[in-house]
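Okay, so here's the structure we're looking at.
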Amino acid sequence: MTYCVGLHLRDGLVLLTDTRTNAGVDHISTFGKMHVAEVPGERALALLSAGNLAITQAVVARLQEGAWLDGAARTLLDVDTMFHAAQLVGAAVREVFSRDGQALANQGVGFDCSFLLGGQIAGGPVRLYLVYSAGNFIEATEDTPFLQIGEVKYGKPMLDRALSFDTPLSDGVKLVLVSMDSTLRSNLTVGMPIDLALIGRDALRVTLRRRITEEDDYFRMIRERWAAGLREVYLQLPPPDWMPGRTG
């Protein structure tokens, strides 16, 4: 399992993923799950993947070589809109399923994959999509400015409580790091290092890409202060007035 999260904010995109791949306790590896397609000044796209590693790698390879869309082989470097980019990812997923789906089913393996696709192509807006294993997709909106794939439940509560479309990118980075830390603490199938990318609105390039390890001073500070803050707030909460023996 893995955890990937994308924020669609007024000032651009914040994208974060872990790198752990788990095929049992004896088979834990590190694989990058963030793939960038960029032509500075013309487009910047990032694709994050979760699910069966062989399937997601096959989809990425198909996108790099060219998947069929509207009668032609296209890549993320030559589609003309982000909507068409999302369609292309869906087409690549369906091509891989058509080739491998039955063979996987014969072995009792489900066709498990999902993707976050975010970015901007010149002449169009910043967009963020979640592409499912059937090749269909949904889009983040101002009302729902984040999408997640993989092990999503542990990192969702703070995003629900604190995030809005107007959240600055710097605060968005803090939120996704807290979201990831909560997931790392609660699920062993998600692990360090983690990959972060920012795509600023109208920048048409990846404005920041960083691999964060256990030794990263800022992430260590986030983890320690978030844990301490939670303990402090918990201790400040009054006990229930309906507890036996409580007076006043």
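For the chain, with the dipole built from +1 on Lys and Arg beta-carbon atoms and -1 on Asp and Glu ones, taken about the Cα centre, which of 226, 98, 19 lies farthest toward the positive end?
Ranked along the dipole, the leading option is 226.
Just to be sure I understand: with springs between alpha-carbon atoms less than 10 Å apart, which residue in 106, 187, 136 has the highest mean-square fluctuation in the Gaussian network model of the chain?
106
Charges at C-beta only: +1 for Lys and Arg, -1 for Asp and Glu. How large is the resulting dipole of the stretch 3-236 about its Cα centre, in Debye rounded to 20? Write down the numbers at each step before the final one.
Working: 23 positive and 28 negative charges, 48 e Å.
Computed about the Cα centre, the dipole is about 220 debye.
Once you put a point 7 Å from the Cα of residue 73 and another 7 Å from the Cα of residue 231, both along the Cβ direction, what distance in nm separates them?
5.8
About the Cα centre of the stretch 180-242, how large is the charge dipole given +1 on each Lys and Arg Cβ and -1 on each Asp and Glu Cβ? Please answer in debye to the nearest 20.
On the way: 10 positive and 10 negative charges, 58 e Å.
Using Cβ point charges on Lys, Arg, Asp and Glu, the stretch 180-242 gives about 280 debye.
Kindly provide the helix-only [θ] at 222 nm of the chain, computed as the sum of -39,500 (n - 2.57) over DSSP H runs of four or more divided by all residues, to the nearest 500 deg cm²/dmol? Please report the intermediate quantities before stating the final value.
Values: 5 runs with 83 residues, N = 248.
Here the helix-only value at 222 nm equals -11000 deg cm²/dmol.
Using the beta-carbon distance between residue 224 and residue 203 and R0 = 45 Å, what value does 1/(1 + (r/R0)^6) give for FRET efficiency, to the nearest 0.05?
The formula returns an efficiency of 0.90 here.
Step through the residues of the stretch 121-131 one at a time and calculate ³J(HN,Hα) from phi using the Karplus curve (6.51 cos²θ - 1.76 cosθ + 1.60, θ = phi - 60°), rounding each to whole Hz and writing x for Gly and Pro.
Along the stretch 121-131, the couplings run 10, 3, x, x, x, 5, 9, 9, 10, 10, 9 Hz.
For the chain, take every pair of Cα atoms, bin their distances at 5 Å starting from 0, and report each bin as a whole percent.
1, 6, 13, 17, 18, 15, 11, 7, 4, 3, 2, 1, 1, 0, 0, 0
Sorted by packing (mean other beta-carbon atoms within 10 Å per residue), highest first, where do 85-93, 45-53, 32-40, 232-240 land?
Numbers: 85-93: 25.2, 45-53: 23.3, 32-40: 17.3, 232-240: 7.4.
So the order, starting with the most tightly packed, is 85-93, 45-53, 32-40, 232-240.
Choose one answer from 11, 143, 181: the residue with the largest mean-square fluctuation in a GNM of the chain with alpha-carbon springs under 10 Å.
143
Around residue 38, what is the net charge, scoring Lys/Arg as +1 and Asp/Glu as -1 over all other residues with Cβ under 14 Å from its Cβ?
Charge balance near residue 38 sits at +1.
What trypsin sites (Lys or Arg not before Pro) in the stretch 114-183 are in a loop by DSSP, with at most 16 other Cβ atoms within 10 Å of the Cβ? Intermediate values should be presented prior to the final figure.
Working: sites: 127, 153, 161, 174; in loops: 153.
Answer by residue number: 153.
By how many nm would the segment from residue 160 to residue 213 lengthen if fully extended, with 0.36 nm per residue of separation less the alpha-carbon distance? Intermediate results must be reported in sequence, preceding the final value.
Values: separation 53, 0.36 × 53 = 19.08 nm, distance 2.61 nm.
So the chain would gain 16.5 nm between residue 160 and residue 213.
Using only Cα atoms, find the angle between the long axis of helix 53-65 and the longest principal axis of the chain, and express it within 0 to 90 degrees, rounded to the nearest 10.
The answer is roughly 50 degrees.
Run through all the Cα pairs of the stretch 71-184 and give the fraction in each 10 Å bin from 0, expressed as whole percent.
Binned Cα distances yield the sequence 12, 35, 32, 18, 3.
Residues of the stretch 70-86 with amide nitrogen under 12 Å from the 7 Å Cα-to-Cβ point of residue 139?
Residues 81-86 qualify, since their backbone N sits under 12 Å from the label point.
Bear in mind these aren't lab numbers, they're just calculated from the coordinates by the rules spelled out. What you see is a predicted model; the values in this text were computed from it and never measured. Cβ: placed from backbone, ideal geometry, glycine included. Neighbour counts: every protein chain shown.
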